[in-house]
Amino acid sequence: MNETAPLRARAEIDLAALRANVRVLRALAGGAQLMAVVKSDAYGHGAVPCARAALEAGATWLGTATPQEALALRAAGLGGRVMCWLWTPGGPWREAIEADIDVSVSGMWALREVVAAATEAGIPARIHLKVDTGLGRNGCQPADWPELVAAARAAEDAGTVRIVGLWSHFACADEPGHPSIAAQLNVFRDMVAYAEKQGVDPEVRHLANSAATLAIPEAHFDLVRAGIATYGISPSPELGTPADFGLRPVMTLIASIALVKQVPAGHGVGYGHHYTTSAETTLGLVPVGYADGIPRHASGRAPVLVGGVWRRIAGGVAMDQFVVDLHGDEVEAGSEAVLFGPGDRGEPSAEDWARAADTIGYEIVTRIGARVPRVHLHGTPAES
């Protein structure tokens with residue numbers, strides 16, 4: 001543990017579990033390299049400690065969405081290959097090039113800007129050309145692919161860029177058997193074949209996200225990009241539980257009970273009195289709320305482990321707190337309320353919370369706010 005956790009709440013981040021997950025994912029990737037995706041502060045787990053742990057466990061790439069995230073990794077002293085892919089016009093191209101960061105190019109405007117920045121820097125930019133194979137977000141449309149490839153090849157011949165990657169992203173890899181999976185694979189293969197015929201010689205071709213890393217081996221190509229699976233959460237219940245793949249959830253969210261009190265039957269709880277006690281009972285106050293990233297949609301539904309028993313949120317999640325009905329059980333102020341974790345203490349999982357809030361596990365862990373300290377356990381492999 002790298003700090004003394006405050007009493008109100010903490011998110012324990014098990015870096016030993018993260019390393020073990022990376023080793024599992026490396027094995028599943030076969031001959032492909034592994035990119036550990038650490039965007040959005042490593043899905044809420046803490047980008048720098050998680051990135052370092054992933055590299056220690058054998059990941060050879062790190063991935064971020066924004067260039068600012070990638071630059072922060074470099075500022076923290078992290079080496080190796082780092083790729084970022086979510087650019088907007090005027091983005092810090094030159095800073096990224098000078099920091100030895102791989103950048104994604106999805107259209108002509110981006111290619112023009114990266115070429116200009118590389119010319120100013122006097123350093124060839126390493127670029128990954130992205131094709132939209134069917135997700136409909138970022139990426140070059142197949143109809144525009146020949147123009148982008150031709151312009152990128154011309155820039156490569158001029159010495160301003162190196163085309164090191166060709167890539168795309170799945171839309172429905174977390175839905176086994178979805179027809180778009182085969183369709184996107186076919187488009188990707190066609191676009192790669194076209195680029196290679198035009199003289200592109202990429203270091204890596206990559207398409208697989210976490211779901212495809214776990215379940216679609218034909219999509220592994222040269223590099224897989226593992227995001228949520230790195231943190232021990234399954235991309236979807238349809239694919240299986242984390243345990244089905246040998247993965248372990250990395251985050252455990254804990255709060256300290258702030259108050260326990262006895263109330264009579266018929267007592268309203270919280271704004272709007274959406275919960276009323278059915279009998280004389282005890283209530284426990286949990287001092288985290290939607291300002292900490294606890295989803296308000298989980299009001300009255302989400303489970304919390306208190307005193308060894310699953311409790312449901314009684315009434316609404318407020319900005320800073322919520323209440324659980326302890327049903328007369330003796331629980332003291334300062335006792336732990338475990339919102340979610342790997343299940344070692346019998347606590348709920350992030351997926352249990354996702355079901356309660358009608359969302360996905362990704363959102364549950366990523367939204368936990370900065371007001372909740374991250375306490376990183378097993379900070380070096382020797383401590384694991």
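Among all positions in the range 13-26, there is at least one residue which is open to solvent by less than 60 Å² (accessible area, probe 1.4 Å), in contact (Cβ under 8 Å) with a residue 40 or more places away in the chain and under 30 Å from residue 259 (Cβ atoms). Taken over the range 72-95, the residue count meeting the criterion of being within 20 Å of residue 34 (Cα to Cα) and in contact with an Asp or Glu (Cβ under 7 Å, 6 or more places away or on another chain) is 4. Residue-level analysis places residue 163 outside the set of residues that are touching a Phe, Trp or Tyr at 6+ places or on another chain (Cβ under 6 Å), under 29 Å from residue 110 (Cβ atoms) and buried (at least 18 other Cβ atoms within 10 Å of the Cβ). Being in contact (Cβ under 8 Å) with a residue 12 or more places away in the chain, part of a loop (DSSP other than H, G, I, E, B) and not polar (S, T, N, Q) holds for only one residue in 371, 311, and it is 371.
Restricting attention to the range 62-72, does a residue exist that is open to solvent by less than 10 Å² (accessible area, probe 1.4 Å), assigned to a strand (DSSP E or B) and not polar (S, T, N, Q)? Yes, the range 62-72 contains a residue that is open to solvent by less than 10 Å² (accessible area, probe 1.4 Å), assigned to a strand (DSSP E or B) and not polar (S, T, N, Q). Looking across the range 317-351 at every residue that is farther than 19 Å from residue 9 by Cα and in a loop (DSSP other than H, G, I, E, B), the one that is most open to solvent (accessible area, probe 1.4 Å) is identified as 330. Do we find a residue being within 13 Å of residue 105 (Cβ to Cβ), touching a Leu at 6+ places or on another chain (Cβ under 9 Å) and outside any helix (DSSP H, G or I) anywhere in the range 145-160? No, the conditions are met nowhere in the range 145-160. Taken together, the residues in the range 40-61 that are in contact with a helix residue (DSSP H, G or I) (Cβ under 6 Å, 6 or more places away or on another chain) and surrounded by fewer than 24 Cβ atoms within 10 Å (Cβ to Cβ) amount to 6. Residues in the range 73-87 that are over 15 Å from residue 128 (Cα atoms) and in contact with a Ser or Thr (Cβ under 8 Å, 6 or more places away or on another chain) were compared, and the one that is surrounded by the fewest Cβ atoms within 10 Å (Cβ to Cβ) is 80.
Number of residues in the range 194-222 that are surrounded by 15 or more Cβ atoms within 10 Å (Cβ to Cβ) and not in a helix (DSSP H, G or I) equals 13.
Testing residue 104 on (1) hydroxyl-bearing (Ser, Thr, Tyr); (2) in a helix (DSSP H, G or I); (3) closer than 30 Å to residue 249 by Cβ, one condition comes back false. Which one is that? Evaluating residue 104 over (1) hydroxyl-bearing (Ser, Thr, Tyr); (2) in a helix (DSSP H, G or I); (3) closer than 30 Å to residue 249 by Cβ leaves (2) as the failure. Every condition in (1) under 24 Å from residue 66 (Cα atoms); (2) part of a helix (DSSP H, G or I) holds for residue 173 except the one numbered (2). Among the residues of the range 166-193, the one identified as free of Cβ contacts under 8 Å to residues at least 24 places away in the same chain, farther than 15 Å from residue 129 by Cβ and open to solvent by less than 50 Å² (accessible area, probe 1.4 Å) is 172.
Checking each residue in the range 96-112 for being surrounded by fewer than 20 Cβ atoms within 10 Å (Cβ to Cβ), free of Cβ contacts under 8 Å to residues at least 40 places away in the same chain and either farther than 18 Å from residue 149 by Cβ or touching a helix residue (DSSP H, G or I) at 6+ places or on another chain (Cβ under 7 Å) (or both) picks out 98, 99, 100. Within the range 132-144, how many residues turn out to be over 12 Å from residue 108 (Cα atoms) and either open to solvent by less than 50 Å² (accessible area, probe 1.4 Å) or free of Cβ contacts under 8 Å to residues at least 24 places away in the same chain (or both)? Total satisfying the criteria: 5. Restricted to the range 230-257, and to residues there that are open to solvent by 60 Å² or more (accessible area, probe 1.4 Å) and of a type outside the set (Val, Ile, Thr), the residue that is nearest to residue 313 (Cα to Cα) is 237.
The values are calculated or read from the model by the stated rules, or taken from the named source; none is laboratory data. All of these numbers come straight from a predicted model, not from anything done at the bench. A quick note on method: Cβ atoms are made from the backbone with ideal geometry, for glycine too, and the neighbour counts reach across all protein chains shown. Only protein heavy atoms, including side chains, enter the accessible area calculation; ligands, DNA and RNA are left aside. Shrake-Rupley method; radii C 1.70, N 1.55, O 1.52, S 1.80 Å.
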